[in-house]
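Here's the structure we're looking at; comments come further down.
The values are calculated or read from the model by the stated rules, or taken from the named source; none is laboratory data. Computed from a prediction, not measured in an experiment: that's the story for all the values here. Glycine also receives a Cβ, built like all others from the backbone with ideal geometry; neighbour counts cover every protein chain displayed.
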Amino acid sequence: MPLSALQLPKEILDAYQARTFHLLPAPRIQNINQALNWVNQRGFVYFWPIKGITFPSLWVTVAGDRPVADGHDDPGHITWGWKDGALGKRIWYYSKLLRRKATLISLEIAPYFYALTENYGSPEDDHLIMYEQGRLTLAAKLVYEALLKEGSLNTIDLRKAARLTSKQSNSEFNRAMEILQMDMKILPVGIAEAGAWNYAFIYDLVPHHFPDLPEKARLLGEAEARMKLAGLYIRSVGAAQVRDVQKLFSWSPEITQRTLNHLVDIKQIIPEISFTGLPGEYFVSAELIQPPE
């Protein structure tokens, strides 16, 4: 029977994800160095678990496979301190990226994400081209230009510099921040004691904070970048359907299918695998079928 016609027990997938998601019986991650090593191993992970998306998260590696706690004194929230303490230290790339959710990316993998953004040329010009073509909101343009002119700013000062301080502009500003982070134009680089809660992110332009990132990304083709990211994703989750890959990366169905076909061609993933108790067929990591020694 060819591999692509296999049906596997779901327990094999569960055991695989327990290992890659760092679930019990694996020891809990206990410090920032262990967290960094794990992020580098996986390539990219979520900071929190995201409802409806099966993917590793730092919270789960520390707190276990349970919902994020409301109480600030929950021991799992030590991850918050790690994340805040790492801002500006350039040990990983942190931003609201995948699905507009907080994402941790290893510095080795960040160029692959950047290669798929709209950042093709000069940081002084790309946003203008996008705005003129209707692919960047006015609020996002104003926020970006404030950082371009003033340098890094905390959220309170950034709203003032972008002239988006009214209550009516709250949604515009928040959407602008998400748009700019998803396209890797800005990112948080620190924490300031500002605002009503004495807690506000400090933001900067990505090329200012990671000046070598654009040049590294230029060496990568889009197809190569997509293969790398999709391969890492399936390596982390063990098995995924086309719609899972499309949902996580926001790629078109055609691009998603083409990317997965390339990974099949190089035998990194195996198609048409089913699991007992799960509907449909999956693309499966070759490491799930034959784990590395």
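Remarks
- Reported count of residues in the stretch 1-60, each being free of Cβ contacts under 8 Å to residues at least 24 places away in the same chain and aromatic (Phe, Trp, Tyr), is 2.
- Residues being more than 11 Å from Gln7 (Cα to Cα) and either in contact (Cβ under 8 Å) with a residue 24 or more places away in the chain or not in a helix (DSSP H, G or I) (or both) - total across the stretch 262-278: 8
- Selected residue [outside any helix (DSSP H, G or I), outside the structural domain of Pro279 (by TED's automatic domain parsing), surrounded by fewer than 20 Cβ atoms within 10 Å (Cβ to Cβ) and out of contact with any strand residue (DSSP E or B) (no Cβ under 7 Å at 6 or more places or on another chain)] from Asn198, Asn170: Asn198
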